[in-house]
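Report on the structure given below.
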Amino acid sequence: MLIRVQNEDFDVSALTRDLVGQRRDIGAVVSFTGRVRDRSEAQNLRALELEHYPAMTEKALREIAEQARARWAIDDLAIVHRVGRLEVGDNIVAVVTVSAHRRDAFEACEFLMDYLKTRAPFWKKEITTDGETWVEAKSSDDAAAERWQDAD
């Protein structure tokens, strides 16, 4: 299991190679990469600034990852989340899950992203052409995460 919070960019192909290696029992690799879009809800976006409290963030990411491992038959996973100033087009987050079967890999990856959006302690500020604004949680993100609780 690989979990990193970093300022530097990442390479999803390298993450995948690290997880799979020479294994022949991996039948599914699912990855998600989140990137900075050029617009927020209503304004032109120039950049994002992501802040976190390192000890708390890393602990929360590990707990989320352990929940996914307990719930699905995944062989390994990676979560890499960037912090600091990110420009439009930059990578923000990568989640990679590997498993013998696709359903476990897909569902675990989706669960991890839904939980990262709602339960990981990151604070996001949007820098737009009109100024700076701290981003509030979206009800659609909360609803996406809640569906996993209903499946318990």
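The values are calculated or read from the model by the stated rules, or taken from the named source; none is laboratory data. Because the structure is predicted, anything quoted here is derived from the model rather than measured. Please note: Cβ atoms are built from the backbone with ideal geometry, for glycine as well, and neighbour counts cover all protein chains shown. The protein model used for the area step is the full one, side chains on, heavy atoms only, and it has no ligands, DNA or RNA in it. Shrake-Rupley method; radii C 1.70, N 1.55, O 1.52, S 1.80 Å.
What the table shows:
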{"read-out": "Unique residue being over 13 Å from the mean Cα position of the chain (by Cα), closer than 17 Å to F32 by Cβ and among the charged types (D, E, K, R) when the list is D114, D75, D104, D130", "value": "D104"}
{"read-out": "Pairs where the first residue, in the stretch 94-108, is open to solvent by less than 10 Å² (accessible area, probe 1.4 Å) and the second is of a type in the set (D, E), C-beta under 7 Å, 6+ apart", "value": "V98/D75; V98/D76; S99/D75"}
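Rundown of residues vs (1) part of a loop (DSSP other than H, G, I, E, B); (2) in contact with a Cys (Cβ under 8 Å, 6 or more places away or on another chain); (3) in contact (Cβ under 8 Å) with a residue 60 or more places away in the chain; (4) surrounded by 15 or more Cβ atoms within 10 Å (Cβ to Cβ), yes/no style:
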{"position": "F10", "(1), (2), (3), (4)": "yes, no, yes, yes"}
{"position": "R17", "(1), (2), (3), (4)": "no, no, no, no"}
{"position": "G34", "(1), (2), (3), (4)": "no, no, yes, yes"}
{"position": "R37", "(1), (2), (3), (4)": "yes, no, no, no"}
{"position": "A47", "(1), (2), (3), (4)": "no, no, yes, yes"}
{"position": "A55", "(1), (2), (3), (4)": "no, no, no, no"}
{"position": "A60", "(1), (2), (3), (4)": "no, no, yes, yes"}
{"position": "Q67", "(1), (2), (3), (4)": "no, no, no, yes"}
{"position": "A78", "(1), (2), (3), (4)": "no, no, yes, yes"}
